[in-house]
Amino acid sequence: MSNNNYTVLNEKFQKPDLDDRQYRYIQLPNNLKALLIHDPTVDKSAAALDVNIGAFEDPEELPGLAHFCEHLLFMGSKKFPDENEYASYLSKHGGASNAYTSSQNTNYYFYVNSEHLYNALDRFSGFFTGPLFNKDSTDKEINAVDSENKKNLQNDIWRIYQLDKCLSNFDHPYHKFSTGNLTTLGTNPTSKGLNIRDELLKFYNEYYSANLMKLCIIGREDLDTLSDWAYDLFKDVPNNNNREVPYYPERVLNRDFFEKIIKVKPVKDIKKLEISFEVPDMDEHWESKPSHFLSHLIGHEGSGSLLAYLKKLGWANELSAGGLTISRGNAYFSVNIDLTEKGLQNYVEVVHLIFQYIELLKNSLPQDWIFTELANISRANFKFKQKGSPSSTVSALAKKLSKDFIPIANILSTELFTKNEPEKIIEFTKSLRYDKSRFMLISREMITDSQEKWYGTEYSVMEYPDELLQLVQNPGLNSHLHLPHPNEFVANNFTVNKIEDVTPLNEPYLLQDNANGKLWYKKDDRFWQPRGYIYISLKLPHTHASILTSMLSTLYVQLVNDSLKDLEYDASCANLRVSFVKISQGLDITLTGFNEKLTTLLARFLDGIKNFKLDRDRFDIFKDKTVRHLNNLMYEVPYGQMYTIYNSLTSEISWSTREKLDVTKQLTFEQLQNFIPTIYQEMYSEILVHGNLKYEEAMQIDSLLDVMRGDAINHSQVDNIRMRSYIIPNAKTFRYETLLNDEKNVNSCIQHVTQLDVYTEELSAMSGLFAQMIHEPCFNILRTKEQLGYVVFSSSLNNHGTANIRILVQSEHSTPYLEWRIDAFYKVFGTMLSSMTEKNFKRHKDALCKNLLEKYKNMNEESSRYTAAIYLGDYNFLHRQKKAELVQKLTKEEMVAFYERYINGPQATKLVIHLKSQAENKKLDEESELDTNIYPSGILIDDVRQFKSASFLAPIRQPSKQFEIYKPTK
């Protein structure tokens with residue numbers, strides 16, 4: 001079917017039962033193909049364009065060029081030449097954008113309030129019909145790419161990935177350095193007489209061909225309208241002679257790279273073994289998924305599994321397995337194991353055990369019942385699949401469309417197991433051979449003799465020793481290893497008694513409110529899915545009475561989860577999730593998934609907690625794991641450490657990572673043994689039951705908790721225990737300075753927090769609107785124009801009692817310099833706010849209100865909203881609706897007064913956190929204008945305990961209203 005403008009390729013799609021969207025796949029005259037999705041209920045519309053070209057096409061002499069192109073493409077087009085027009089338009093209309101470059105795809109996407117889709121698409125399309133690549137933007141964005149790369153230099157994931165690539169066949173592009181930096185995109189090209197902008201245009205014109213592009217748009221408009229828009233806005237994307245998708249026939253690893261042990265010295269204190277096998281590329285066998293089938297078995301964590309036996313030996317904590325296609329015809333299957341110290345010492349035997357499990361599979365497979373079980377699980381998951389965020393939906397689909405071997409009618413249902421191909425399972429399993437394998441052994445203890453070029457990772461390479469070869473050539477079978485049993489948690493009953501023409505409730509009912517706790521309940525009346533959500537928050541004063549009991553509680557939760565791994569993993573395979581975590585008020589249990597067996601899972605899980613037996617060997621392993629984890633937290637990227645530092649300064653029951661580490665090192669088995677019986681002595685529960693669960697089932701769930709209540713002492717104070725935040729004295733500025741642990745990390749980070757006052761709904765509305773208004777100019781000025789660093793963001797920050805505004809920047813610049821530039825931004829924004837037109841002010845209000853009032857896309861979003869209100873203790877389930885009402889009433893004059901009082905006036909109250917790099921500051925020559933008599937500003941906090949003890953605590957949030965006990969009518 002076609003009209004004069006485009007050809008309709010398909011309108012019939014296999015889709016989930018409850019998917020009310022309409023789909024159409026079209027081809028434009030320039031051979032660009034587009035998937036259009038009509039969803040009349042969507043609040044946010046979105047679009048994505050995927051180019052089937054990525055970093056593999058970087059010229060050898062210009063590493064990072066494809067990634068650089070992705071960065072620069074957004075910086076203005078012929079129709080909209082302002083480099084900030086696209087970002088500014090989206091920000092004012094409730095939207096945002098992002099992009100990524102992978103090896104063979106570059107993916108661009110955005111979302112926006114639905115009524116503004118066309119204008120957003122108009123700006124978006126210009127990047128593919130007439131990008132500018134302005135010289136000024138080009139020079140600046142090289143710095144952004146360089147900053148992004150420096151953000152990752154001390155990140156073990158990036159370091160190990162690049163090491164794996166550099167130890168590969170240089171005739172295949174997998175070996176390339178794909179991020180780019182100032183040297184590869186600036187210094188080197190200039191020294192060779194290359195103009196980077198000219199090279200960029202050459203790359204764009206050669207590879208950004210319409211026939212290699214897949215567009216996906218989701219909007220409220222009908223399919224004809226969306227199709228016309230796609231034609232009107234994208235028909236002029238050039239087609240470079242129907243350029244073919246690149247094909248890379250060379251092997252990623254040739255004979256020289258197999259049977260090798262690569263010993264790696266990481267930044268963090270991690271101990272890992274990662275073994276990789278060359279396997280047949282099974283991408284085109286998407287209906288049977290041999291790689292998924294094998295990862296399900298090798299990655300299994302239940303009885304008889306490889307991980308279960310490694311844990312029994314005390315050699316491992318975690319294991320994962322999975323396949324990856326690097327390029328057509330080049331695929332790998334990897335097994336990654338998180339080792340203990342004993343496991344590291346016995347790594348040869350660990351590898352032997354991997355091959356023994358593979359031998360078991362070679363002798364046992366195929367097993368039709370396993371395929372049937374996976375098929376049944378995938379069918380149920382697909383049948384009742386819920387909507388996700390529009391932007392991630394279009395981004396994923398646009399990329400998936402580049403897989404031309406998948407029939408377009410099945411593009412929505414690729415997760416299904418629809419074809420049993422036992423011969424492919426056998427072929428895949430047989431390919432897991434020792435002579436097509438290599439592995440990395442990762443530990444700070446490794447002796448190394450080489451250094452990787454781009455990240456400086458220390459490593460050495462050795463041949464498989466004879467001892468290992470003898471074991472893996474004839475691994476034999478191990479009686480401790482066997483295939484998993486049929487999964488008892490696979491759901492069969494998906495009955496939902498839907499009631500027509502019902503108006504969904506916006507609050508749960510309160511079923512019980514007594515000395516034991518509160519029970520909240522809401523029958524699903526919005527999505528009519530066979531799913532349930534159970535949230536149990538146990539308020540337990542003993543778990544956070546001190547840093548000692550807090551860390552004992554942390555170890556206890558880890559050990560309980562470890563002991564119940566069998567149960568948790570079987571449930572997760574059937575798409576039932578159970579989590580048991582420590583929070584500031586006590587311990588939380590959350591269960592989600594198909595409702596049929598949710599209550600059974602809860603009963604089994606509670607029974608497991610109740611009957612938990614402490615084991616000395618597991619205690620030693622998890623104490624060591626926790627010590628390493630805490631130590632590694634201090635080697636996280638700087639901005640990733642800010643939350644913990646801020647919390648330790650402003651929250652009543654919170655401690656620094658260093659303090660937690662010092663205490664954990666001293667914990668003993670006997671201390672935990674004596675502590676466990678006290679945990680539940682004082683207990684108050686808050687329970688939410690939501691979903692396809694009846695009133696009687698909610699009451700039953702509450703009664704299941706009796707097994708935990710036991711002899712708990714009830715008293716009125718337990719239910720009032722909540723984290724509280726300290727109030728910074730009005731009109732004062734405090735600063736806290738600390739050095740990064742990682743001496744080689746070149747980035748510092750600053751978090752500039754302006755405390756507004758004690759939290760109120762009115763203040764929350766004003767801070768939310770202020771954050772909305774500064775979001776885009778903050779990014780534009782501090783990141784795009786001033787090039788301070790790749791990581792720049794701003795937001796409102798409501799903690800446990802106060803309302804705040806924060807700006808965070810991670811940069812090579814010194815933190816006093818960053819503080820100066822943040823203060824300067826606030827002054828500039830004051831002028832922007834004063835001169836803001838009423839039209840633009842209203843746009844910001846509308847954008848925020850539409851975000852606040854956005855409809856739930858799935859049941860989990862709704863459950864999470866209720867859970868947050870229960871956790872905060874204000875039970876303000878209508879918070880977002882109330883906030884939107886308050887925002888709509890705000891005037892520009894009120895926001896100017898807000899700015900002058902709280903942000904830039906004499907009463908401004910601030911806490912500025914400086915997390916400082918120990919590396920040499922190579923940006924000092926750019927900081928000559930910094931007035932060191934002013935910055936850093938504020939009273940230095942040199943004793944956190946004294947600072948906290950001299951501060952007042954903010955009141956906790958109070959219940960928003962009185963709830964009556966609900967009694968169902970007969």
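The values are calculated or read from the model by the stated rules, or taken from the named source; none is laboratory data. The structure presented is a predicted model; accordingly, all values stated were derived computationally and were not measured. When we count neighbours, we look across all protein chains shown, and the Cβ atoms used for this are built from the backbone with ideal geometry, even at glycine.
Brief remarks follow.
- Matching residues in region 706-731 - criterion: being assigned to a loop (DSSP other than H, G, I, E, B), surrounded by 14 or more Cβ atoms within 10 Å (Cβ to Cβ) and in contact with a strand residue (DSSP E or B) (Cβ under 6 Å, 6 or more places away or on another chain): Ile721, Met723, Arg724, Ile728
- Region 460-479 residues that are closer than 13 Å to Tyr347 by Cα, paired with ones that are surrounded by fewer than 14 Cβ atoms within 10 Å (Cβ to Cβ) and aromatic (Phe, Trp, Tyr) (beta carbon under 8 Å, 6 or more apart): none
- Checking each residue in region 279-304 for being buried (at least 24 other Cβ atoms within 10 Å of the Cβ) and over 28 Å from the mean Cα position of the chain (by Cα) picks out only Val279.
- Entry remark, region 310-333: residues being touching an Asp or Glu at 6+ places or on another chain (Cβ under 8 Å), closer than 30 Å to Asn254 by Cα, crowded, with 20+ Cβ neighbours inside 10 Å and touching a residue at least 60 places away in the same chain (Cβ under 8 Å) number 2 in total.
- Selection within region 420-459: residues that are outside any helix (DSSP H, G or I) and of a type in the set (Phe, Trp, Tyr). The member of this set that is farthest from Val351 (Cα to Cα) is Trp454.
- Filter result for the condition that a residue is buried (at least 19 other Cβ atoms within 10 Å of the Cβ), of a type in the set (S, T, N, Q) and at pLDDT 95 or above, over Ser917, Ser864: Ser917
- Residues within region 177-198 that are over 33 Å from the mean Cα position of the chain (by Cα) and on the phi < 0 side of the Ramachandran plot, tallied: 11
- Residue within region 205-212 that is in a helix (DSSP H, G or I), within 24 Å of Ser137 (Cα to Cα) and not acidic (Asp, Glu) present: yes
- Matching entry among Ala897, Ala884 (being within 30 Å of Ile721 (Cα to Cα), part of a helix (DSSP H, G or I), out of contact with any Asp or Glu (no Cβ under 6 Å at 6 or more places or on another chain) and small (Gly, Ala, Ser)): Ala884
- A single member of Ser364, Ser437 is within 30 Å of Leu468 (Cβ to Cβ) and out of contact with any strand residue (DSSP E or B) (no Cβ under 7 Å at 6 or more places or on another chain), and it is Ser364.
Here's the yes/no breakdown for (1) part of a strand (DSSP E or B); (2) farther than 23 Å from Gln700 by Cβ; (3) under 35 Å from the mean Cα position of the chain (by Cα):
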site	(1), (2), (3)
Gly476	no, yes, no
His480	no, yes, no
Asn487	no, yes, yes
Ala515	no, no, no
Lys518	yes, no, yes
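- Qualifying position, being touching a residue at least 40 places away in the same chain (Cβ under 8 Å), farther than 18 Å from Ile298 by Cβ and buried (at least 21 other Cβ atoms within 10 Å of the Cβ), among Ala375, Ala380, Ala409, Ala398: Ala398
- First in region 192-216 and without any contact (Cβ under 8 Å) to a residue 40 or more places away in the chain and within 26 Å of Lys399 (Cα to Cα), second anywhere and assigned to a helix (DSSP H, G or I) and of a type in the set (Asp, Glu), Cβ under 9 Å, 6 or more apart: Glu206/Glu57
- Some residue of region 679-691 being more than 31 Å from the chain's Cα centre (by Cα), at pLDDT 90 or above, in a loop (DSSP other than H, G, I, E, B) and of a type in the set (S, T, N, Q): yes
- Candidate set: region 442-462, residues that are among the hydrophobic types (A, V, I, L, M, F, W, C) and out of contact with any Phe, Trp or Tyr (no Cβ under 6 Å at 6 or more places or on another chain); chosen: the one nearest to Ala316 (Cα to Cα): Ile442
- Filter pass, Ile406 being assigned to a loop (DSSP other than H, G, I, E, B) and more than 20 Å from Ser431 (Cβ to Cβ): yes
- Odd one out for Pro366 among (1) over 30 Å from Gly219 (Cα atoms); (2) assigned to a helix (DSSP H, G or I): (2)
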